[in-house]
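Presented below is the structure to which this report refers.
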Amino acid sequence: MKMALQRSIWILGLAFTLVATAAAQSTAAPPPPAKKSQVTLTYMGTAAWEISDGKTVILIDPYLSRIQIRAPSAPASSGQAADPRPVHDWNEVVEPDAATVDAHIHQANFILVTHTHIDHVMDVPHIALKTHATVIGTESTENVMRAFSVPEDQLITVRGGEDYDFGDFSVKVIPSLHSPLDHKRYFSSEKEPAGMKAPLTLRQMDSEGGTLAYLIRFHEHQILAFGANNYIERELDKLSPDVVLVGAGPSRREIYDYTGRLLRALDFPALVLPTHWDNYTEPYGASQQLAIDTLQSFIQEVKAASPKTNVIVPKYFEPIPLDDDK
Ligand SMILES: [Zn+2]
Ligand SMILES: [Zn+2]
C-alpha cells in the first residue's frame, strides 16, 4: 500500500511538473524551428526541372541543348535576329550541347522522363552516364538509354500505375496524354525499339512511347510534374499535390476547360508552375517575352478556376524555394 501511495504522489508530482512546464513554455518565446531540408525547384526551360533538397537531386525531362530543328510542331520564330546556330534535319545525328548541360547539371540522383520526344530525352543519356542517375521512364525511353549503353542497373521501366519508394522520396507514376498538337491531329503509338545502337538520328529519338506524369512525395511536399499539355482526369482525382508543374503551351486550348478541370481534380493546389511554355528552339540568352505574353492567358485561367493558387512564372536557373512550414 505504502509503495502504491508513494507512487501515486510521485505520478501526481510528475503530472504537475509537466503542466507547469507546458504553461511556462506557452509564455516563453517559441523554440527556434528545427532546421528542415528546403526543397527547391529550378526551371531549365522546355519541360526541364531540377527538384532538390540540397542532397537528393531529381531531374524532370532535362533538355538543355535547345537545338534548332525542322519540326512541323516547332514554335513560331520570335522574329529576333537570326540565330546563327545550325538548323538540323531529322535524319541528322546531333550531339547534346555538352558544354551547356555540364555548366548547369553537376549532380543527379534520379531522372524522370515523361515521354520519348527529343526535347525531353535527347540529353538524358549524356546526363545519366555523367551522373550515374537512375532513369525512370517508359520502355521507349529506356531503349534510348540502352542504345547509349547506360547501365541496366540505372534503368527503371514503368508504364503508369507504379508507386515506388526510394527512401528519401517516393514516386507515383501517373498515366497521362501527350499535347494535342496540330489541332488535335497529333497521334503516335510509336515507341523506340529495343536493340538500337548509338549514334541515333534525331528521328530515332523521337517516338513518343506513351506519356507519363509523376507525383513526387519529397519531405512534406507533393509535387506533380507534367511534361505535356494534357492529362487523364480520372487518374488525378484522388491526388492533392501542393505544387503542380502544368503544361501551359498554346495547344492546351484544344482541350475542354483544361485548367479548370485540372485544378478541380487536384483539389486546388497551392502553387502552379507553368512548364513547356517557352520557345525552346531559341538559346537561353534569347528574349522569351513573346512566350511570356502568351502565357498570361494561362495565369488568368488559373486565377479564375482557383483564386487562392499562386502562379510563379519561373526564370531559367533561378531556384524557387518551397515553404517548409506546411
Ligand atoms: Zn512531346
Ligand atoms: Zn515537348
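Values in this text are rule-based calculations from the coordinates and carry no lab data. Predicted, not measured: the structure shown is a model, and the values here were computed from it. Note: ideal-geometry Cβ built from the backbone for every residue, glycine included; neighbour counts use all protein chains shown.
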Can you give the local net charge around LEU202? Use residues other than it whose beta-carbon is closer than 10 angstrom to its beta-carbon, Lys and Arg +1, Asp and Glu -1. -1
Over the range 37-321, how many pairs of lysines fall under 21 Å by alpha carbon, counting only those 8 or more apart in sequence or from different chains? 6
In a shell of Cβ-Cβ distance under 13 Å around SER176, excluding SER176 itself, what net charge do Lys and Arg (+1) and Asp and Glu (-1) give? -1
Spin-label pair GLU152/SER170, simplified geometry with 7 Å Cα→Cβ offset, distance in nm: 2.9
By how many nm would the segment from ILE312 to GLN300 grow when fully extended, if each residue of separation counts as 0.36 nm and the alpha-carbon distance is taken off? 3.1 nm
Interchain or sequence-distant (5+) residues whose placed amide H lies within less than 5 Å of the amide H of TYR186 are LEU181
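For MET196 and ALA286, calculate 0.36 nm times their separation in residues minus their Cα-Cα distance, and state this gained length in nm to one decimal. Can you show the working numbers first?
Numbers: separation 90, 0.36 × 90 = 32.40 nm, distance 3.51 nm.
Fully extending the segment from MET196 to ALA286 adds 28.9 nm.
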Looks like the range 130-267, by Cα gyration tensor root eigenvalues a ≥ b ≥ c and the a/c under 1.5 rounded cutoff (else prolate when a/b is bigger than b/c, oblate otherwise), is oblate
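Could you please report the charge total around HIS88, scoring K, R as +1 and D, E as -1 over all other residues with beta-carbon less than 13 angstrom from its beta-carbon? Spell out each step's value before the answer.
Working: positive: ARG66, ARG70, ARG85, ARG203; negative: ASP83, ASP89, GLU92, GLU95, ASP97, ASP119, ASP206.
With Lys, Arg at +1 and Asp, Glu at -1, the net is -3.
Between ASP89 and ASP182, 0.36 nm times their residue separation minus their Cα-Cα distance comes to what?
Numbers: separation 93, 0.36 × 93 = 33.48 nm, distance 1.98 nm.
Once the chain is fully extended between ASP89 and ASP182, it gains 31.5 nm.
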Given axes a ≥ b ≥ c from the Cα gyration tensor, I'd like to know whether the range 37-321 is rounded (a/c under 1.5), prolate (a/b larger than b/c) or oblate. rounded
